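The next block holds one structure in the form of C-alpha cells; read it before the comments.
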Amino acid sequence: MSTHSTNRRVAIIASHGGLDEAYPALILANAARQSGIEAFIFFTFWGLDIITESKVDHLHVNMAGNPSAPMPTMLAGLPGMESLAATMMKKQMEELELPTVREMLQILHESGAELYACELAMKMFKREQKHLVAQVKDVITAGDFYDLSDGAQIIFT
Amino acid sequence: METPRSDDLAALHARFDALSAQMNLLVERQRKTEEFLDEMSPILKAAVTSAATRLDGLEKKGYFAFGRELLGVGERVVEGFSPDDVRQLGGAVVSILETVRALTQPEVLRVASDASEVLQNAERAEPVGIFGMVRATNDRDVQRGMAVMLELMRHVGRAAAIVKESRAASPLADKRAKLDGILGAKRARTLGVERPAAPAPTAIAPKPIAPVASPSAPPVAACAVPTKGPAPVVTTLDGVGFGADGHLADASQWTRALGEKLAELQGVAMTDAHWALVDAARRDFEATKTSPNIRRLTQVTGVSTKDIYALFPKAPGRTLAKVAGLPKPAGCL
C-alpha cells in the first residue's frame, strides 16, 4: 500500500546564499525526508552562508536584477534595500509559521538529512568547520560528493 | 698745671671739624627726606586716587565679580572631585595639553576660521539636492574633505568600539538591546529571527512521551490546508474505504483495532510512544480538521523531530497519518 519506492535518494546542491535561495533547498530536503527519501545537501560558494554561524540569521534577499522583484532594478540597488526585502520576506514567512533557516537546519539534522560543506568554497571564503553551524556533518570535495550521490537524483538550486 | 700742648689742640680741632661735618650731613639728609616727602605726597595722592578709580572701574566692569565667581567655581570643583579624581586628571593633563596644542596650531586654527567664515555666509548658500551632492563630489577639495571626514569617522568609530567593548559583555546582546530600544516590541513581531533556537540534538531514545496534547497548542500554520471532507474511495479493506493515496478515506471510521492493522501493514511495531503520537495526531485533527504535519506534531506534543523519526523511520508524517486514519499531512513541513 506504500506509495513511495524504497531506496530513493536526493542530493541537493545549494550554491546561493540569499534568504529566498536558501529555503527551496532546505524545504526540498525536508520534504524528501518526510516522504521517506534519503536526502543530503551540498553547500557550495555563496550557499556556505546558509550554514555559516555568523550569517545564518542574517541572510538577505537581493532584489536588484531580479525580474520578479516588485520594484525597478534601479531602486532595488539602493543601499538597505536587500535588508528591507529580507525583513518583508521574514514577516511573510512568520505569518505562514515557516521555521527560520536556523530552525530548518536543526529540523533537517534531526530528520536524518545530511549537510555537507564544499571544501574548495571553504578555502575560497577562508572559512573553517568551526565557523559553521553544528549540524554540518563534514567538509567534502566535489569527488566525495559524487561518491555520496551515487544513485541519487541531483537537484541544483 | 700744665698748659695744653698745641698738637693736642690741633687734634681736638680736627675731631670737632669731623663731628660738625657729620652733623651737616645728617641735617642735609633730613632736609632731603622732607623734600622727598613734600614732592612725593601729591604724586602718591594722585596715584592712590587713580588706583581707586581704576579698581572701581574694574569692579564696575565685573572683574571682581568674575574673580569671586571663579573662586566659587574652584570651591565647587573641590567639593565635586575627590583627591583621587585630581590624581587621575594629573595623569591625563599631558595628553589634554597635547590635544590643546594640536588644536591651536596655526594651520588648524586657519581651517576653523575658514569654516566659521562659511557658516557666517550660510544665508548665501544655494540649496542642493542629491544630484548636487553627486556633482559636488567632483570637486577636489570636497573629495579631500570627504577623505578627512571618513578618516575622522573611522577614528570615532574605533573609539566607540573600545568604549562599547569595555561596557558590554556580548556585542550581539548590546546590538539587539539597542535595536529593541529603537524599534520597540515591533521588531520581535516583524522578524522571525527572534524566535528561540531549536534545542541541541540529543541521543535517540524512544522514551515515554507525554500522551496529552497541551491545551495551549499554537494555531495551525497558515500554509497547512484543512481537509475537504472524506476522499473518494478507491480500494476497500475489511469493509473500510481508502483513497488513492493509501490514506483512510473517512477519518471518522477509524478504530484502535483498525489502527493496529494499518500499523502492521506499514511495518511499524507499535509501542505506547507510538500510540501517544497517534492519539495526539487524532485529537489535533478533531480540533483543527487539518491532518498535522511533523512540525505541527512537535509543537503540539513537545516530542522532538528526532524522536518522531526514530519512532517512524520511514516517511514519519505519512506513516503516522496512515496509522491514525488521517488524510495526507497538510503543508510541506
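Of note:
- In the range A:115-135, the residues that are closer than 25 Å to A:Val10 by Cβ, in a helix (DSSP H, G or I) and either open to solvent by 50 Å² or more (accessible area, probe 1.4 Å) or touching a Pro at 6+ places or on another chain (Cβ under 9 Å) (or both): A:Glu119, A:Leu120, A:Gln129
- Selection within the range B:296-320: residues that are polar (S, T, N, Q) and in a helix (DSSP H, G or I). The member of this set that is nearest to the other protein chains (Cβ to nearest Cβ) is B:Thr305.
- Exactly one residue out of A:Ala25, A:Ala39, A:Ala31 is outside any loop (DSSP other than H, G, I, E, B), among the hydrophobic types (A, V, I, L, M, F, W, C) and open to solvent by 30 Å² or more (accessible area, probe 1.4 Å), and it is A:Ala31.
- All of B:Val100, B:Val134 fail the test of being open to solvent by 70 Å² or more (accessible area, probe 1.4 Å) and either assigned to a loop (DSSP other than H, G, I, E, B) or within 30 Å of A:Leu78 (Cβ to Cβ) (or both), apart from B:Val134.
- Across the range A:86-104, the number of residues qualifying as in a helix (DSSP H, G or I), open to solvent by 40 Å² or more (accessible area, probe 1.4 Å) and within 7 Å of chain B (Cβ to nearest Cβ) comes to 5.
Every residue, every condition in (1) touching a Cys at 6+ places or on another chain (Cβ under 9 Å); (2) closer than 30 Å to B:Gly67 by Cβ; (3) outside any helix (DSSP H, G or I); (4) open to solvent by 100 Å² or more (accessible area, probe 1.4 Å), yes or no:
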{"site": "B:His13", "(1), (2), (3), (4)": "no, no, no, yes"}
{"site": "B:Leu26", "(1), (2), (3), (4)": "no, no, no, yes"}
{"site": "B:Thr33", "(1), (2), (3), (4)": "no, no, no, no"}
{"site": "B:Phe36", "(1), (2), (3), (4)": "no, no, no, yes"}
{"site": "B:Pro42", "(1), (2), (3), (4)": "no, no, no, no"}
{"site": "B:Val48", "(1), (2), (3), (4)": "no, yes, no, no"}
{"site": "B:Ala52", "(1), (2), (3), (4)": "no, yes, no, no"}
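- Flag set for A:Ser83, criterion: hydroxyl-bearing (Ser, Thr, Tyr), assigned to a helix (DSSP H, G or I) and loosely packed, with under 14 Cβ neighbours inside 10 Å.
- Residues of the range A:91-138 that are on the phi > 0 side of the Ramachandran plot and in contact (Cβ under 8 Å) with a residue 60 or more places away in the chain: A:Gly112 alone.
- A search for C-beta distances below 6 Å between a residue of the range B:307-318 that is more than 10 Å from B:Ile294 (Cβ to Cβ) and in the same structural domain as B:Asn293 (by TED's automatic domain parsing) and any residue that is assigned to a helix (DSSP H, G or I) and not acidic (Asp, Glu), counting only pairs 6+ apart in sequence or on different chains, returns B:Leu311/B:Ala273; B:Leu311/B:His274.
- Looking only at residues of the range B:233-262 that are assigned to a helix (DSSP H, G or I) and within 12 Å of chain A (Cβ to nearest Cβ), we find that the one that is least open to solvent (accessible area, probe 1.4 Å) is B:Leu262.
- Counting residues in the range A:4-22 that are open to solvent by 20 Å² or more (accessible area, probe 1.4 Å), at the interface with chain B (Cβ under 10 Å from one of its Cβ atoms), in a helix (DSSP H, G or I) and of a type in the set (Asp, Glu) gives zero.
- Yes/no for A:Glu82 being within 14 Å of chain B (Cβ to nearest Cβ) and not hydrophobic (A, V, I, L, M, F, W, C): no
- Sub-7 Å Cβ pairs linking a first residue in the range B:63-88 that is in a helix (DSSP H, G or I) to a second residue that is not basic (Lys, Arg), at least 6 apart or interchain, are B:Phe64/B:Leu58, ordered by first then second residue.
- Per this entry, A:Ala69 is counted among residues that are away from every other protein chain (no Cβ under 14 Å), open to solvent by less than 40 Å² (accessible area, probe 1.4 Å) and in a loop (DSSP other than H, G, I, E, B).
The values are calculated or read from the model by the stated rules, or taken from the named source; none is laboratory data. Every value quoted in this text rests on a predicted model; they were computed, and no experiment measured them. Every residue, glycine as well, gets a Cβ built from its backbone with ideal geometry; the counts of neighbours run over all protein chains shown. Protein only, heavy atoms only, side chains kept; ligands, DNA and RNA dropped before computing areas. Shrake-Rupley method; radii C 1.70, N 1.55, O 1.52, S 1.80 Å.
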